[in-house]
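Please read the structure below before turning to the comments.
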């Protein structure tokens, strides 16, 4: 059984100096009538938490001459390519067409080799696995690998060190790497609420079925939260720690995205606003004495408002 506390502590020491210690804020906004603690992880390198897992994976192992390969809906690919460049390794990234021009441009800007394939994340993963088998490159999995999860777990470790007070933390879920890291670090010390779009509900469906199952994916956040099947590490931790699962509509996500800009001047992609949308829409209603925190996790809005 994995000693997650030890693994996350080791990851934190490993990636120190390679990632941003992102800021936190306590705000009274969004028409909620109570304060919310925010962790602004969209200010991380390449705009998401993904750099944490990518750096941890590369720094923990021996990278072969063939370099690094990763499959991604966009954000993980950008982070893996960035980490590889910073550490001097070649990288080949596979993304589906649905990644969109903004995230594709972000990956290309790192200088990595990029292949855009038809279909969804699962199709990109098949191509990345074939590349790994053919070349011997190191695969950096987007969410279902211990080094990835331990790297993402450094975010919750960091947040607690910054004085997190909330009883409950709301986190958006795609493949489950981020929330798995949070659950692995917290070990039930705080309530964790998994927030997913109704149209991309891999964890919710797995909890309902009693095992990971394939789901259809679509909607405004699908290029970040569009995993067809939840990661096994996340599923196991969710069952062990008793995660609370809620679903939100695309309309609620867009409303939260707008609110973060209009009230806090934080420009985020739909996935980055998904956790907040659960509070704003009433998909999750805290108890009267319950204090809450929201992880804001992605900045790579499409289309890029400043692309030219």
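The values are calculated or read from the model by the stated rules, or taken from the named source; none is laboratory data. In this text the structure is predicted, and so the values were computed from the model without any measurement. Virtual Cβ from ideal backbone geometry, glycine too; neighbours counted across all protein chains shown.
Please tell me if residue 165 is surrounded by fewer than 23 Cβ atoms within 10 Å (Cβ to Cβ), in contact (Cβ under 8 Å) with a residue 40 or more places away in the chain and at negative phi. Even if it seems obvious, please write down each step before you answer.
Numbers: surrounded by fewer than 23 Cβ atoms within 10 Å (Cβ to Cβ): yes; in contact (Cβ under 8 Å) with a residue 40 or more places away in the chain: yes; at negative phi: yes.
Judged against the criteria, residue 165 is a match.
Which members of the range 17-28 meet the condition of being part of a loop (DSSP other than H, G, I, E, B) and free of Cβ contacts under 8 Å to residues at least 24 places away in the same chain? First the steps, then the outcome.
Narrowing the range 17-28 to residues part of a loop (DSSP other than H, G, I, E, B): 17-23, 28.
Within the range 17-28, 17, 23, 28 meet the criteria.
Residues of the range 192-218 being touching a residue at least 60 places away in the same chain (Cβ under 8 Å) and either under 15 Å from residue 244 (Cα atoms) or not assigned by TED's automatic domain parsing to the domain that holds residue 150 (or both), which ones?
193, 195, 196, 197
Looking at the range 29-78 only, could you name the residues that are assigned to a loop (DSSP other than H, G, I, E, B) and under 27 Å from residue 129 (Cβ atoms)? Full working, then the answer.
Kept after step one, since they are assigned to a loop (DSSP other than H, G, I, E, B), are these residues of the range 29-78: 29-35, 44, 49, 61-67, 72-74.
Scanning the range 29-78 gives 44, 49, 61, 62, 63, 64, 65, 66, 67, 72, 73, 74.
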Can you find a residue that is over 30 Å from residue 118 (Cα atoms) and more than 17 Å from the chain's Cα centre (by Cα) anywhere in the range 270-279? yes
Go through the range 219-243 and count every residue that is in contact with a strand residue (DSSP E or B) (Cβ under 7 Å, 6 or more places away or on another chain), touching a residue at least 60 places away in the same chain (Cβ under 8 Å) and outside any helix (DSSP H, G or I). 1
With respect to the numbered conditions (1) part of a helix (DSSP H, G or I); (2) outside the structural domain of residue 59 (by TED's automatic domain parsing); (3) closer than 25 Å to residue 281 by Cβ, which one is the sole condition not fulfilled by residue 98? (2)
